[in-house]
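Shown next, in C-alpha cells, is the structure this report addresses.
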Amino acid sequence: MSAPELAPAPKRRVFVVDDHPIVREGSAQLINREPDLAVCGSAEEMHSALQTIDALKPDILIVDISLNGPDGLDLLKNIRAKDPNLPVLILSMHDESIYAERVLRAGANGYIMKQEGTDRVLIALRRILNREIYVSDRVANKMLRQFVSGGPSAVHRSGVDELSDRELEVLRLIGEGHSTRQIAEALHLSVKTVETYQCHLKEKLGLKNSRELVQYAIQWPARG
C-alpha cells in the first residue's frame, strides 16, 4: 500500500505597494512563478494599502519608499502601530546609505535597492519570512563597524543623516518637482508647516536660499 501524498504547503502571500503599475505587475509575475510565494494584492498609495492589507491579511509586504502622497516610511510606521510583527521589505531606487538604517529603525525587516537582481528580491523575501533581517553586505558591514566602534560618529554624519523622516520626505518631494502647496496637499499638512520644514532643511544642509534647496533636492539621491 503506497504512502499517502502530502499536500503541498500553502504559498506565502505577498502584498506589493508601489506607485508604478509596471513595477507592481512585474513583481507579481516574478513572485507568482515561485512554488512557495504568491502575490495576493497590491496598492499604489498608503491609505488604500492600509485598508486592503487589513482585508487580505498577507504574510509579507513589499513597500516602495516613493509613493504618491505619504511615503513608504509613513506607511511602515502606520503598519507598525497596528501590527508590530507583520514582515515588511522596503524596496527603493534610493541609495541604501540614505535609507537602509532609517527604515530598519522604523521597524522594517529588510531593505533592497531596485537596481538589485530579481533573484535578490526573492532571497530577501524568503529570509524575512524565515524571521531574518535582509540588507546588502555593504550595509551589514557598515552597521557592524558602527556597533563595534560604539555607534556612528557625529563628525562623519552627512547633512541628510541629520534630517528627520518628515524632513527627508519633504526633500524628496522637492527634488521630484513638487511645489510647496502640492507637498502640503500630498502630506496633509498646512503650507506654513511645509515652509517650516523647508527652513529646517536649509539650516541643516547649510543652504542659503530656496534656489539652493531645490538644486540640492534634485541632486541629493546621487550623493549617496
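Within straight-line reach of LYS202, meaning a Cα separation under 18 Å, sit the following aspartates and glutamates at least 8 residues removed in sequence or on another chain: ASP161, GLU162, ASP165, GLU167, GLU169, GLU176, GLU212.
Note on the chain: the alpha carbon radius of gyration divided by the globular reference 2.2 N^0.38 Å gives 1.12.
Take the Cα of LYS82, step 7 Å toward its Cβ, do the same at MET113, and the gap between the two points is 3.2 nm.
Label region 40-91 by shape, choosing from rounded, prolate and oblate, from the square roots a ≥ b ≥ c of the eigenvalues of the Cα gyration tensor; if a/c is under 1.5 it is rounded, and otherwise prolate applies when a/b is larger than b/c, oblate when it is not.
Judged from the Cα gyration tensor, region 40-91 comes out rounded (a/c under 1.5).
Among LYS142, LYS77, LYS192, LYS208, the sequence by solvent-accessible area, most first, with a 1.4 Å probe is LYS208, LYS192, LYS77, LYS142.
In this rough spin-label picture, where each label sits 7 Å from Cα along the Cβ direction, the GLN29-LYS57 distance is 3.2 nm.
Remark on ILE90: its backbone amide H falls under 5 Å from those of VAL63, ASN109, GLY110, TYR111, ILE112, a criterion applied only to residues 5 or more positions apart or on other chains, H modelled at 1.01 Å from N. For region 199-209, the Karplus equation 6.51 cos²θ - 1.76 cosθ + 1.60, evaluated at θ = phi - 60°, returns couplings of 5, 4, 4, 4, 5, 6, 9, x, 9, 7, 8 Hz by residue, with Gly and Pro reported as x. Taking SER97, SER136 and ordering them by how much accessible surface each has at a 1.4 Å probe, largest first, produces SER97, SER136. Here the Gaussian network model covers the chain, with springs between Cα atoms less than 10 Å apart; of ARG126, ARG145, ARG24, ARG145 fluctuates the most.
Multiply the residue gap between LYS202 and HIS188 by 0.36 nm, knock off their C-alpha separation, and tell me the result in nm, one decimal place.
Numbers: separation 14, 0.36 × 14 = 5.04 nm, distance 2.18 nm.
Between LYS202 and HIS188, full extension yields an extra 2.9 nm.
Cα extents for region 1-103 along the principal axes, largest to smallest and rounded to whole angstrom: 60, 28, 26. To the nearest ten degrees, helix 137-149 and the longest principal axis of the Cα atoms of the chain are 60 degrees apart. When you filter the GluC sites (Glu not before Pro) in region 164-212 for DSSP loop state and at most 13 other Cβ atoms inside 10 Å of their Cβ, you are left with GLU176.
Across ASP36, ASP74, ASP161, mean-square fluctuation computed from a Gaussian network of the chain (C-alpha pairs under 10 Å connected) peaks at ASP36.
For the listed residue pairs LYS57/LYS192; LYS114/LYS192; LYS11/LYS77; LYS77/LYS142; LYS11/LYS82, the alpha carbons are over 32 angstrom apart in LYS57/LYS192; LYS114/LYS192.
Solvent exposure of MET113, expressed as accessible area, is near 30 Å², computed with a probe of 1.4 Å over the protein chains only. The 3J(HN,Hα) values that the Karplus relation (6.51, -1.76, 1.60; θ = phi - 60°) gives for region 183-197 are, in residue order, 5, 4, 5, 5, 9, 6, 10, 7, 4, 4, 5, 5, 4, 5, 4 Hz. Gly and Pro appear as x.
Of ASN130, ASN85, ASN109, which has the largest mean-square fluctuation in a 10 Å C-alpha GNM of the chain? For the chain, modelled as a Gaussian network with Cα springs under 10 Å, the answer is ASN130. Surface calculation, 1.4 Å probe, protein heavy atoms: TYR197 sits at approximately 50 Å² accessible.
What is the sum of charges, Lys and Arg at +1 and Asp and Glu at -1, for the other residues whose Cβ falls under 13 Å from the Cβ of VAL121? Surrounding charge for VAL121 is 0. Accessible surface of region 162-210, 1.4 Å probe: 47 percent of it comes from carbon and sulfur atoms.
The values are calculated or read from the model by the stated rules, or taken from the named source; none is laboratory data. Quick caveat, the model's predicted, so the values are computed rather than measured. Heads up, the Cβs are rebuilt from the backbone with ideal geometry, glycines too, and the neighbour counts pull from every protein chain shown. Calculation scope for accessible area: heavy atoms of the full protein, side chains included, ligands and nucleic acids excluded. Shrake-Rupley method; radii C 1.70, N 1.55, O 1.52, S 1.80 Å.
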